[in-house]
Every structure is written in structure tokens, then in C-alpha cells.
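Asker: After the C-alpha cells below, expect a handful of questions from me.
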Amino acid sequence: MPADADFYDLELLLDDDDRALLQRVRGFMEKQVQPIINRYWTRAKFPHELLPGLAELGIAGLPYRGYGCPGKSPLLDGMVAMELARTDPSIATFSGVHGGLAMGSIYLCGSEEQKQRWLPAMARMDKLGAFGLTEPEVGSGASRGLATTARRDGKVWVLDGRKKWIGNASFADLTVIWARDVDDGQVKGFVVEGRPPGYATEDLQDKIALRVVQNAVITLDGVRVPEANRLQHANSFRHTAEVLRMTRAGVAWMAVGCARGAYEHALAYATEREQFGRPIGGFQLVQDLLVRMLGNITASATLCARLSQLQAAGLARDEHASLAKAFCTVRMRETVGWARELLGGNGILLEHHVGRFVADAEAIYSYEGTREMNTLIVGRAITGLSAFV
Ligand SMILES: Cc1cc2nc3c(=O)[nH]c(=O)nc-3n(C[C@H](O)[C@H](O)[C@H](O)COP(=O)(O)OP(=O)(O)OC[C@H]3O[C@@H](n4cnc5c(N)ncnc54)[C@H](O)[C@@H]3O)c2cc1C
């Protein structure tokens, strides 16, 4: 790897211990992940061989306090997400689904007993999590249109419906399923353990982005879940949105990492590749591309760092996370495109890595709220007028 792109030294905002953890994550990603990830990406397989090493890093549920979780700052959590994505956005996404969406749902919406029951094993990555909100017919409109139903039958809930795009679902031990209670019409969260009768997953095939991540369609056909597995503090979509507010900040950081990974490969290439008898990095137009990329990355990372500080102070609102997610993913898409341009034809060869970032950026751009949805959240906040429909 060439010189990194932390141009304004944001890492200096971390203390020595946190910086050391970030370095460990970087070392793991560069030594263990980088050499093998293209092979998995091509075959669209998940590298289960990496799980023990990832678990050893101790980064699952990084910002949560208690329940075996490290209780670190949102800033370190964000920078770790960035660091994972800098080498591979799929591994960052896997981690975001497990530690962010799944553990976060339990941490923010579970009762004390539920947190004690599930989080320590998830923090150790002895149990892996998934998060099922999106459905085949309902993506952006999940707040109003969820069709998966939950019907209470004594001490048990009966779930019926289908979920789509659910990361980790085919191998997760615990899957948080969001469903509409037929009695009060509210969205509630249920932790499905293992593969109960009526529960089936089927991985989506032939994705052109994040091919390492296993995204599944889940079918729920009369799946019975005990009341003890209903997240006790998730009583409406407002609580689902609290989870998404936290994880969207992580996705904004991932977008920085994806852009940064592509930029760093492009920078290295610019110093090695020669045309007209000199390194292409010596051409003004190539430097222009590199500086534009660095500007995007620096602006996005700085925005994310401030968002993390707002989170730590308890001041982050939905619109703060949404602006960061929308802004950073737009800048990421632009940046990876410029990196690809800088590599010429080699930019589309997987062996030069940049092509993988270009493809993976497309998924990061759309998941956890598209640019349009996040724009509408910010638009509503600044005008007081909802423009969703
Ligand atoms: C790789 C990947 C992983 C994912 N992982 C998960 C997961 O683990 N769990 C999970 O629950 N979900 C997951 N998702 C789903 C993801 O959150 C959705 O794809 C996303 O919310 C968008 O929904 P959609 O794809 O159905 O698009 P749609 O909602 O159908 O949107 C299509 C287009 O219409 C636009 N649009 C929609 N409504 C409006 C409006 N009111 N105004 C203007 N434009 C509008 C959108 O912005 C978009 O451009 C994942 C998706 C991907 C691609």
C-alpha cells in the first residue's frame, strides 16, 4: 500500500489504545484479506476462513457498553468501518450487518434480559446476526409498506411474509425480522433463532456488487417465535429508524473507506505506470484526478468524524446521519470512477483491485437508504415539509 489518505490526520483524534486497535484492523485486512478477496469475489463466496481472525480483533459491537462489548467511541467504530472497507467493502458490509444492524437492534430495542442473552455471544462472534427489513415489494417505503405480518397466538408470535436482500441470512444464527403486528398495525422486531419450521433462505445469485456478501430471500411461512424473542422496546417503526440512524453513520464511513481504497491503489499505480517515458503521476491531468479524489475523501471523512462526535454527545439526529450517508456515497461513486479512469484499461481488471471498489460502490450507494430517501429526510428537516409522497 502507498502512503495513506488520512490527509488531515483525523486519526490523531483517537487515543493511543484506539489507534493501536485501528492498526491491528489494518494489518489484518492487508495481510489476511487483501491476498484472497478477489478469489472469493469472483466465485461469489463468503470467506468463512476469516471469521476466527475477525473475531479476534474484538470489533463486533464496538460502541456498545456492557454485554461483553468493548464500549468504544462512535469515532473509533466509524474509523474501523472505514478501515475494513478500505481493503474490502464486502467484509465491511458483513461486519456492519452483524455488529451494526443485528447487534444494534438488540442493543437499542432489546430488554435487559435479551441483551444479556444474545449480545455477549455475538460480540465474541460465536453467534452471527442478520437483519431482515427489506421485502421483495418494499424497499424505500418500509416505514409504511411492510407486508410481513406478526400475529400473536398466546405466548407465541406467528410470522408470515418474505424478506429480500438480507445479508448473512443463509448462515446467521440470529436474524432480526421486522414485521407488522396485525392487531395494532405497528412494526415490531423479532429475533428468529436458527432455522425454525417454515423458515427458509435462498441466496441471491449473480450480483454485480459486493459479491462476497451473501444476500438472501427469506421466506417465513407460519414461523413461530416466542414472545421472549420479540424485541421488547421495538414498538413502532420509530425504533427501527433509531437503529438505522446509527448504522447509516457507519455506512457513510464505509463509503469513505471504499473511496480511499480505490484512491490508494490509483495513487500507487500513478507512480509505477509509465507512459511517454515518465510515470503517469507526473502528468498534470492525472494529478488533477488524484487531488479531486483526495478532496472528496478528506471532505467526507471530516464530515463523518464530526457526525461521530455528535453521536458521542447524544446530539446526532436522523438528518445528520442521512446527510452524511447521501453526501459520502455520492462522493465515493465519483471517486472510484476517477480511480478507474486513472488506471485506464487495467481499471476493469480485478487483479488491480480498483474495479472491485467501483462495483461494490454501487451497492453501498443504494443500501441503508438510497440517496433519494436520505435527501428527503434532510429536506424534511430543513424545510419542515415532508416530500416523501
Ligand atoms: C447489497 C445489498 C445489501 C442489502 N442488505 C440488506 C440487509 O441486510 N437487510 C435489509 O433489510 N435490507 C438490505 N438491503 C436492502 C436495501 O436497504 C434496499 O435496497 C434499499 O433500501 C432500497 O430499496 P429498493 O432496492 O427496494 O429500491 P426501491 O425502494 O424500489 O427504490 C427504487 C428507486 O426509486 C427511488 N424512490 C423510491 N421512493 C422514492 C420517493 N418517494 N421519492 C424519490 N425517489 C424514490 C429510490 O431512491 C430508488 O432510486 C440491501 C441491499 C443491497 C443492494
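The values are calculated or read from the model by the stated rules, or taken from the named source; none is laboratory data. Owing to the predicted nature of the structure, the values given are computational and were not obtained by experimental measurement. Cβ sites come from the backbone with ideal geometry, for glycine too, and all protein chains shown count toward neighbours. Heads up: the accessible areas ignore ligands, DNA and RNA and are worked out on the full protein's heavy atoms, side chains in. Shrake-Rupley method; radii C 1.70, N 1.55, O 1.52, S 1.80 Å.
Asker: Taking residue 228 and the conditions (1) open to solvent by less than 30 Å² (accessible area, probe 1.4 Å); (2) over 24 Å from residue 367 (Cα atoms); (3) assigned to a helix (DSSP H, G or I), which numbered condition does it fall short on, given that it satisfies the others?
Answerer: (1)
Asker: Would you be able to say whether some residue in the range 196-203 is open to solvent by less than 20 Å² (accessible area, probe 1.4 Å) and either in a loop (DSSP other than H, G, I, E, B) or closer than 18 Å to residue 98 by Cα (or both)?
Answerer: Within the range 196-203, none of the residues are open to solvent by less than 20 Å² (accessible area, probe 1.4 Å) and either in a loop (DSSP other than H, G, I, E, B) or closer than 18 Å to residue 98 by Cα (or both).
Asker: Considering only residues of the range 128-171 that are under 16 Å from the mean Cα position of the chain (by Cα) and small (Gly, Ala, Ser), which is farthest from the ligand (Cβ to nearest atom)?
Answerer: Going through the qualifying residues, I end up with 129.
Asker: I would also like to ask the following. Given the structure, is residue 383 open to solvent by 20 Å² or more (accessible area, probe 1.4 Å), within 9 Å of the ligand (Cβ to nearest atom) and of a type in the set (Ser, Thr, Tyr)?
Answerer: Working: open to solvent by 20 Å² or more (accessible area, probe 1.4 Å): yes; within 9 Å of the ligand (Cβ to nearest atom): no; of a type in the set (Ser, Thr, Tyr): yes.
Here the answer is no, as residue 383 does not meet what is asked.
Asker: Find all pairs meeting these conditions: Cβ atoms under 8 angstrom apart; at least six residues apart or on different chains; first residue within the range 302-316 and more than 18 Å from residue 247 (Cβ to Cβ); second residue modelled with pLDDT of 95 or more.
Answerer: Partner pairs satisfying both residue conditions: 302/8; 302/10.
Asker: Then there is this: Which one of 305, 316 is within 16 Å of residue 251 (Cβ to Cβ) and assigned to a helix (DSSP H, G or I)?
Answerer: Details: 316 fails: assigned to a helix (DSSP H, G or I).
Matching residue, one of 305, 316: 305.
Asker: Oh, and also: Could you check, for the range 98-119, whether at least one of its residues is within 15 Å of the ligand (Cβ to nearest atom), without any contact (Cβ under 8 Å) to a residue 24 or more places away in the chain and open to solvent by less than 40 Å² (accessible area, probe 1.4 Å)?
Answerer: No, there is no match, as no residue in the range 98-119 is within 15 Å of the ligand (Cβ to nearest atom), without any contact (Cβ under 8 Å) to a residue 24 or more places away in the chain and open to solvent by less than 40 Å² (accessible area, probe 1.4 Å).
One line per residue, one yes/no per condition, for (1) among the polar types (S, T, N, Q); (2) without any contact (Cβ under 8 Å) to a residue 24 or more places away in the chain; (3) in a helix (DSSP H, G or I); (4) surrounded by 17 or more Cβ atoms within 10 Å (Cβ to Cβ):
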| residue | (1), (2), (3), (4) |
| --- | --- |
| 4 | no, no, no, no |
| 20 | no, yes, yes, no |
| 23 | yes, yes, yes, no |
| 26 | no, no, yes, yes |
| 42 | yes, no, yes, no |
| 45 | no, no, no, no |
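Asker: Here's a follow-up. Identify all residues within the range 344-362 that are crowded, with 22+ Cβ neighbours inside 10 Å and part of a loop (DSSP other than H, G, I, E, B); write none if there are none.
Answerer: 353
Asker: Here's something else I'd like to know. Residue under question is residue 269, and the condition is that it be modelled with pLDDT of 95 or more, buried (at least 22 other Cβ atoms within 10 Å of the Cβ) and farther than 19 Å from residue 300 by Cβ; does it hold?
Answerer: Numbers: modelled with pLDDT of 95 or more: yes; buried (at least 22 other Cβ atoms within 10 Å of the Cβ): yes; farther than 19 Å from residue 300 by Cβ: yes.
Yes.
Asker: Tell me which residues, restricted to the range 148-168, are free of Cβ contacts under 8 Å to residues at least 60 places away in the same chain, touching a Pro at 6+ places or on another chain (Cβ under 9 Å) and surrounded by fewer than 23 Cβ atoms within 10 Å (Cβ to Cβ).
Answerer: 162, 164
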